[in-house]
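Structure, as structure tokens:
Every number in this text was worked out from the coordinates using simple rules, so none of it is lab data. Model, not experiment: these values are computed from the prediction. Backbone-built Cβ (ideal geometry, glycine too); neighbour counts: all protein chains shown.
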Amino acid sequence: MKHYIKYLVCIGIVSMSYVGYSQDIHHSQFYTSPLNANPALTGIFNGDMRFAANYRNQWFVNDLVKYLTFTGSYDMKFFPKRWDRKGMWNGGLLFNYDQAGDSKLSLGHLGLTVSYAYPLNMNNIVSIGGLVGGSQRRFSQDKLIWDEQFNSSTSQVDPNLPSGENFSKTSRSFLDVGAGVNYRWQKSKRTKLDLGVGLYHLNKPEQKFFTQTASTKLPMRININLTPSFKLTERLDLLLHGQHQIQGPYTETVVGGYGKIYLSTKTYKNYALLLGLSARLGDAHFIPKLAIEMNRWYAGFSYDITTSPWDKAVNGRGGPEFSLMYIITKARPLPQLKSCPIF
């Protein structure tokens, strides 16, 4: 019986791995985690260095399986200094961690990204990028309950009883590889468009913990992003964003936008309030959100609201998500050549 239970646990862990596709790179504010959307977005921003972080806690209810996700990234431009002579090389560092369930099934990832951005002309830039990193998937036995811990005399589970199980391996490490391409049209800092495709898990790494189980390779994830923004007036911008992800049988489509209201446009006193709304199509999620910008700082908050009957199971609670971004721009010597908007 215990061997049968062990195989059931293996199947459960593998199944959670497949459910965890959404936790692989699952942010409602995906546009604040650019390296998770497309390696080709490394260095594609107005500045020299960029720090970004996202934290998400899905269904923070005590009696439900919890999902939490944290992402941190850093990217910067390298060379050359004159974009009109050559393209621009960029590099970045990406860290992801997510955890789910009583087994604390987790996936940690640390990767390096690199991109090359080539300006076709003053307003059109094409970039290609790649990612290589290491990942580790693991689980914990501490809170798992087994049939041999069932006390027939009391008809209750006694966690102090031995489980009779002995897992020789509770973690697995693997190499992870990705690539992407992005096109940017940029008229100005406030009117621009990014359209790109990111490909993750190109090497389809093996996920299984035990040799007895069938092969469970992680399917490639395809991420298609579109993020246009438009200057409407001196005090108002319209920021739109859409993302479609495909990974094996799993698909996700998120669309939405912000109205960006400038409270001040003075140099070194550039303050803005962003009010927005998104929806996860086909998944019954409604996502109100807001953000603030203060010079080079950006802070955002969103909350996934479940509108399906599943709302009763989660007691009306959804998924709060926080994002933070900081961009550093180095001082430039004068005089300068007329530069490309993103450089």
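For the pairs Lys86/Lys204; Lys204/Lys330; Lys86/Lys330; Lys189/Lys289, flag any whose C-alpha to C-alpha distance is greater than 30 Å. Distance filter (> 30 Å) returns Lys86/Lys204; Lys204/Lys330. One chain, two ends: Asp283 and Leu263. Fully extended at 0.36 nm per residue, the span grows by 3.7 nm beyond their Cα-Cα distance. Within a Cβ distance under 12 Å of Tyr97, other residues only, what is the Lys/Arg minus Asp/Glu net charge? That works out to +2. Phe70 sits among other residues whose Cβ lies under 9 Å from its own Cβ, and their net charge, with Lys and Arg +1 and Asp and Glu -1, is 0. Couplings 3J(HN,Hα) of the stretch 257-265, computed from phi: x, 10, x, 9, 9, 7, 7, 7, 10 Hz, in residue order, whole Hz [Karplus 6.51 cos²θ - 1.76 cosθ + 1.60, θ = phi - 60°; x for Gly and Pro]. With the simple model of a label 7 Å out from the Cα in the direction of the Cβ, Phe95 to Leu275 spans 3.6 nm.
Taking 16 Å as the cut-off, the amide N atoms of the stretch 248-276 that come nearer than this to a point 7 Å along the Cα-to-beta-carbon line of Ile222 belong to 248-254. Extension gain for Phe230-Leu290 works out to 19.8 nm (0.36 nm per residue, less the C-alpha to C-alpha distance). Summary of packing: across the peptides 31-40, 257-266, 68-77, 48-57, the per-residue average of other C-beta atoms within 10 Å ranks them, highest first, as 31-40, 68-77, 48-57, 257-266. Net charge in the neighbourhood of Pro34 (other residues with Cβ under 13 Å of its Cβ; Lys, Arg +1, Asp, Glu -1) is 0.
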